[in-house]
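Trainee: Before anything else, here's the structure in question.
Derivation of every value follows stated rules applied to the coordinates shown; laboratory data play no part. What you are looking at is a predicted structure, and each value in this text was computed from that prediction instead of being measured. Note that each Cβ is placed from the backbone with ideal geometry, even for glycine, and that neighbours are counted across all protein chains shown.
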Amino acid sequence: MRNAWLYPLTHWNWKAALITAICRAGACMAALYHSPLHAREHFGAVEACYVLLTAGIFSAWQQQALDVKPKRLAWTITVLAIPLGSLAADSALHLWLDHGNMRALGIGAVIVTVFSAMFHWHVMQNGALLVGENSRSFMDDMRAMPRLAASFVTQPFAAISSWRSEPEVEEA
């Protein structure tokens, strides 16, 4: 049990922290293009510090949740609870520091957060962006990204196709 509590510190996911910081910086710059430069700089600095400090911990929790049973609960924790909790904490910090004029980030941030968490679940399920004993090198993870992105996009279609091709079972 003690190791479970230390997991976010022993498995701080530097891979996810780095990628998240880069992606969120670009998203923030795009979302706030209409804001004055000083506001974008302030928002960006707060965002970078927050993401670099917390994304590795949140991703460690997501990696830890991969072992939760049943799998639907693991998915709910990994794709909804942790990312939306992170977004709520991030929003609270910005409300406190920037006094809440963040309409540009509202629903778009929720959609991007859930979509990116679904992708993160997919890549972790396939062995990428993990740290610790089950991890591969960062370069191996990056080389796998095109294949993982393609399988992420095509997986729903494959699931629908296999569901539709299953034979119907007649009840007696």
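Trainee: Please work out which residue is nearest to residue 115 (Cα to Cα), limiting yourself to region 36-75 and to residues that are without any contact (Cβ under 8 Å) to a residue 24 or more places away in the chain and of a type in the set (Gly, Ala, Ser).
Mentor: Across region 36-75, the extreme among qualifying residues is 74.
Trainee: If you don't mind, another one. Every residue in region 104-134 that is free of Cβ contacts under 8 Å to residues at least 40 places away in the same chain and among the polar types (S, T, N, Q), please.
Mentor: Hits for region 104-134 are 113, 126, 134.
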